[in-house]
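These notes concern the structure reproduced below.
What follows is calculated from the coordinates using simple rules that are stated; it is not laboratory data. Values in this document were obtained by computation on a predicted structure and should not be read as measured data. Every residue, glycine among them, receives a Cβ derived from its backbone with ideal geometry; neighbour counts consider all protein chains shown.
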Amino acid sequence: MPTKIFVNLPVKDLTRSVAFFKGLGYAFNDRFTDETAACMVITDDIYTMLLTEAKFKEFTPKALADATKTTEVLTCLSTDSRGDVDALLDKALKLGATETREPQDHGFMYGRSFNDLDGHIWEIIHMDQSAIPEK
């Protein structure tokens with residue numbers, strides 16, 4: 001069985017966050033979703049648990065980072081093409097996200113990033129494996 005990853009993120013308004021990510025085309029697993037948590041399906045092996053801040057605090061004794069002021073993690077997802085990067089970013093911006101920085105083009109890798117409604121940074125990239133320079 002492949003290893004699965006569950007990225008857990010605290011959110012201020014679960015309903016609003018779910019609507020935002022549904023607007024980007026992501027589905028949610030109802031079996032692991034309730035009024036305190038929502039399981040966003042990225043792939044068969046990658047999930048993001050959107051947790052209310054109160055629920056998130058049940059898992060850690062540490063203070064929660066305010067993602068609008070500090071960066072606790074960069075979540076990076078790959079796409080099949082440069083066009084897919086731009087399409088996802090454009091959709092995120094229309095749904096209320098803000099662009100984190102200017103697009104980065106390294107020839108073999110192209111990426112853009114957005115801050116979601118809670119300030120969490122999502123990197124969206126396309127990498128052309130055949131164009132990676134030799135060392």
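The angle separating the long axis of helix 82-94 from the principal Cα axis of greatest extent in the chain is about 40 degrees. Rounded to the nearest 20 debye, the dipole magnitude of the chain is 280 debye, with +1 charges on Lys and Arg beta carbons, -1 on Asp and Glu beta carbons, and the Cα centre as origin. In this label model, ILE42 and ASP30 are separated by 2.5 nm, measuring between points 7 Å along each Cα→Cβ vector. For segment 50-59, the Karplus equation 6.51 cos²θ - 1.76 cosθ + 1.60, evaluated at θ = phi - 60°, returns couplings of 8, 10, 4, 4, 4, 5, 4, 5, 5, 9 Hz by residue, with Gly and Pro reported as x. Projected label points at ASP90 and ASP13, each 7 Å from Cα along the beta carbon direction, are separated by 2.6 nanometres.
With neighbour counts taken as other beta-carbon atoms within 10 Å, the residues LEU117, LEU77 rank, fewest first, as LEU77, LEU117.
Percent relative contact order of the chain, based on C-alpha pairs within less than 8 angstrom and at least six residues apart? The normalised contact order for the chain reaches 21 percent. Taken over segment 65-135, the ratio of Cα radius of gyration to 2.2 N^0.38 Å equals 1.17.
Each residue of segment 95-105 was assigned a 3J(HN,Hα) from its phi angle through the Karplus curve 6.51 cos²θ - 1.76 cosθ + 1.60 (θ = phi - 60°); the sequence is 8, x, 6, 10, 6, 6, 7, 5, x, 10, 10 Hz, with glycine and proline shown as x.
Of the residues THR70, PHE108, LEU24, the one whose Cα sits farthest toward the positive end of the charge dipole of the chain, with +1 on the Cβ of Lys and Arg and -1 on the Cβ of Asp and Glu, is THR70. The antiparallel fraction among DSSP beta bridges confined to the chain stands at about 60%. Scoring 50-62, 81-93 by mean Cβ neighbours within 10 Å over their residues and listing the highest first yields 81-93, 50-62. Relative contact order, whole percent, for segment 53-124 stands at 34, derived from Cα pairs under 8 Å and 6 or more residues apart.
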